[in-house]
Amino acid sequence: MNLKINRLQHVGIPVTDIVVSESFYRSLGFENVMGADFEFNGGKGRVAMMQLKDIILEIYQMPEAELAEIRGRSNGHIDHIAFDVDDIDQTYSELKQAGFNILEPEPVFLAFWSKGCIYFNITGPDGERLEFNQIL
């Protein structure tokens, strides 16, 4: 297998109040470089990509019905680590052929960034999610 991972693309952090979290990260010097709504299980969520130099944090607030799990935690939670790739289909094919546990039946399009992005996730040995993402 010859995966071409370019760099760490972002770290995804679920939050309970995206306005409060965006303000917090702005106070650390991050800037909101992309915001979008998304649908999940019939509800509407919100995402913001917060950038400081080469560091991107994806903060996202799930729809209200999904927030109970996040609110119930006593500490923070990083949801996933995302790797930037040039060819999402080739990456998907190689990982599938190699027998990795892929969570999506095929790469998923999101209307994030100016032209969208396509991603999928695998799980590591301890259940950690690793996302492979191609910004279009």
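Numerical summary
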{"quantity": "Residue in the stretch 74-88 that is hydrophobic (A, V, I, L, M, F, W, C), surrounded by 14 or more Cβ atoms within 10 Å (Cβ to Cβ) and in contact with a Phe, Trp or Tyr (Cβ under 6 Å, 6 or more places away or on another chain) present", "calculated": "yes"}
{"quantity": "Strands (runs of 3 or more DSSP E) contained in the stretch 1-69 and holding at least 1 residues touching a residue at least 60 places away in the same chain (Cβ under 8 Å)", "calculated": "5-14, 31-40, 43-52"}
{"quantity": "Residue ID - modelled with the lowest pLDDT, chosen from residues in the stretch 22-52 that are small (Gly, Ala, Ser) and under 23 Å from Glu128 (Cα atoms)", "calculated": "Gly45"}
{"quantity": "Selected residue (criterion: nearest to the chain's Cα centre (by Cα)) from residues of the stretch 1-11 that are at pLDDT 90 or above and surrounded by fewer than 18 Cβ atoms within 10 Å (Cβ to Cβ)", "calculated": "Val11"}
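The values are calculated or read from the model by the stated rules, or taken from the named source; none is laboratory data. Every value quoted in this text rests on a predicted model; they were computed, and no experiment measured them. So basically every Cβ, Gly included, is an ideal-geometry build from the backbone, and we count neighbours across all protein chains shown.
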